[in-house]
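Worksheet: the structure to be examined is printed underneath.
Quick note: the coordinates plus some simple rules give every number you see, no bench work behind them. No experiment lies behind these values; they were computed from the predicted model shown. Every residue, glycine as well, gets a Cβ built from its backbone with ideal geometry; the counts of neighbours run over all protein chains shown.
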Amino acid sequence: MSGVLTVARLELTVRVRAGRWRWLLAAWFVILVGFTTLLRLAVSHAHNLQGNVGTVMYGGLQLFLLALALLVMPALTAQSVNGDRERGTLGVLQVTRLSAFDIAGGKLLAAWGTACIFLLASAPLVAWSMVEKGVPAIRVVIVTLVVALLLGVICAISLGLSALLARGTTSSVLSYLSVFALTLGTLIVFGLATAATTQTRVVHFSTGDPSAPAGCCSSEETVARTDLTWWILAPNPFVVLADAAPVVVERPPICRSFRTRGSIRTFCTPQPQSGVDPLGDISRSVRSLRSPPGLQSNIARSGGGEDLVWPYGLGFDVLLGGFMFGVATRRLRTPRRTLPRGVRLA
Amino acid sequence: MNPVAEEVFMTSPGSADGVVAIGVKRQFDSVFALRGVDFTARYGEVTGLVGPNGAGKTTLLLILATLLLPDEGTVRIAGHDPVTETGAVRAMSGWVPDAFGVYDNLTTREYLRFAGLAYGLGKRSPARAEELLVLSRLQDFADRPVHVLSRGQKQRLGFVRSLVHGPRVLLLDEPAAGLDPYSRVELRDLLRQLASVGAAVVVSSHVLADLEQMADRVVFVDRGVTVGERRIDDLARASGPRVWRLRALNESELVAALDRNHYPHTAPTPGGVDVELLSDEAAAGLIAGLVRDGVHVVSCAPLTTSLEATYLALTGDQG
């Protein structure tokens, strides 16, 4: 383990001293502040949000932050192994007593640590959204852990690709492509797969007319079998993030009291549950995909534990990250049977 | 105090020879990089690995340094097999690649401390880094970023980095390439010093003049095969016709003396006059005769060094 820490400390020292890293962090913070401020101004006039401004701010901020992080992370890690090889610093590391696991683990730890620093930079904005009410602490804790884990997965994928491919540009492109595959790719495949599995079925209904012959009245309707395709969407980082976020306490109905003829009467109107919590909305929609057609309208089941999507998605993502980390470790093992293409032989 | 001798070895020799490689073969796709190399390097000696570009020198060194698997053959570094006892070999050997990078933004001291940690020196790393700073004469650059060092200084840094764990076997790939004459002399002295305290030093090069001055023994490889090996002192005593270049204070005096003694010679050039001689003894006889005749001889040296002649003979005629 000390080997991993040695490599991680070296990588972090080198990273922290490189000026561009600080500029990137500064730009990152400024963009997040700008976004959060705009979001706050945008929702300040929405009437249905009273008391839940924080929920919208927090949800929006986390989705935006994840999107931004997915853009930044590959740039930080995608050349960590082949870049070292091109600079000629990898070989002298490999002939030391450090194992392949030490080198890969140290590099992953440093990259992940950097990602977590970026995550930490959003803390003031998270605090702001908590001040605005509607953000339970447990939601912040769990969402932060999930985002950190997802960023670690992206780092591991980039690391694996940088160990697998000889050229830094190729591994960068492939890192971005894998981010694309996880985000937009899952969405596209889900859409196409759902369209492809759509079924036509006959629905019988009764007209209420007793003279009508039995089974007279039926119509055909198309049914999307999202219960067969929902899992395609599960690895999507945004889905994982939203679905893992603990549910904000449901909004109580708005009640008004009137004094009429000496007695007090209270009228309550239920508040709409959607449109006030971006994370909750995404979560509700993906969970509803799991219900077979016909049960879709069964609102009673919503929020039921058995419809969770995120454990599958996060599980898949973590396994993928672990696999790519394994690939990196394997490729760093020496003595090697093969050399990466393009590496000088003699 | 001799900084090399005091602190250099933290390991003990595993066997009589630092490096033994027998019948090593290595193929990349369809290209045979090594087709059967035999190579030994003894403790207490600097062994030169000589051959034209593409002869397989770097490939052999990568195998010796535990980075590459040989397809066939036996390799022992300090008595250990790099394939099955990689850790033991790494503990006993240091490797300096021909092109090695340094981490930008790291200071010289930090770089050496990190090397110590990477070799498992733990808390001894800072002290060892200071010793190596002294040895490399980079104390003044201890807190400067590595990337401000000159090429020669970087080479020195890379060299002492490979000594951080006190290896008994040192593998250097083209260490003299790109060094100014002063740094070459320094490198030579350091390597001789290491050998004198018992290290097995392997130096690959095609700068024959450097090897002639620093190596005890030279192994010639060409197209992936060992084509010969010589001891430098044997080479120096080797006989055979060679061209010697003579210079004197007065050129016409020299030419007249050569003509008088019936030595065939070339027309004088600004560099001197060339004479073909059969042996070192013949050269000594010629100089004695010229001095007796009152010619003010300034220099008399073989035009091609014996190493060069052997190198060309061994590697040139294989079509």
Determine, from the Cβ-Cβ distance of B:Gln27 and B:Ala209 and an R0 of 35 Å, the FRET efficiency 1/(1 + (r/R0)^6), rounded to the nearest 0.05.
-> 0.60
Mind giving me the FRET efficiency for A:Glu221 and A:Ile117? R0 is 51 Å, r the Cβ-Cβ distance, nearest 0.05 is fine.
-> 0.45
So what is the diffusion coefficient of the protein assembly as shown in µm² per second by Stokes-Einstein at 20 °C and 1.002 mPa s, using a Kirkwood Rh over Cα pairs?
-> 70 µm²/s
Percent of alpha-carbon pairs separated by more than 13 Å within the stretch B:238-311 | 63 percent
In sequence order, calculated HN-Hα J values of the stretch B:257-264 (Karplus, 6.51, -1.76, 1.60; Hz; x Gly/Pro) = 5, 5, 4, 4, 8, 6, 8, x
Looking only at other chains, what is the average number of their beta-carbon atoms within 10 angstrom of each beta-carbon in B:89-99?
-> 3
Within 10 Å of each Cβ in B:104-117, the average number of Cβ atoms from other chains = 3
Under DSSP loop assignment and at most 11 Cβ neighbours within 10 Å, longest trypsin sites (Lys or Arg not before Pro)-free interval of chain A = A:1-260
Taking the Cα centre of each part, how many Å lie between the stretch A:4-44 and the stretch A:156-174?
-> 22 Å
If every Lys and Arg gets +1 and every Asp and Glu gets -1 at its Cβ, then about the Cα centre chain B yields a dipole, in debye to the nearest 20, of 760 debye
With x for Gly and Pro, the residue-by-residue ³J(HN,Hα) of the stretch A:192-205, computed from phi through the Karplus equation 6.51 cos²θ - 1.76 cosθ + 1.60 at θ = phi - 60° and given in whole Hz, is 5, 5, 5, 4, 5, 9, 4, 10, 9, 9, 9, 10, 8, 9
Rounded to the angstrom and largest first, Cα extents along the principal axes for chain A equal 93, 58, 30
The stretch A:32-124 - convex hull of the alpha-carbon atoms, volume per residue in Å³ | 104 Å³
Under the Karplus curve 6.51 cos²θ - 1.76 cosθ + 1.60, θ = phi - 60°, whole-Hz ³J(HN,Hα) for the stretch B:196-213, x wherever Gly or Pro sits | 5, 9, x, 7, 9, 10, 10, 10, 9, 6, 10, 8, 5, 4, 5, 5, 4, 8
Assuming R0 = 30 Å, can you tell me the calculated FRET efficiency for the pair B:Leu249 and B:Ser196, based on Cβ-Cβ distance, to the nearest 0.05?
-> 0.20
Quick one, what does Rg over Rh come out to for chain B if you take C-alpha atoms and the Kirkwood Rh?
-> 1.06
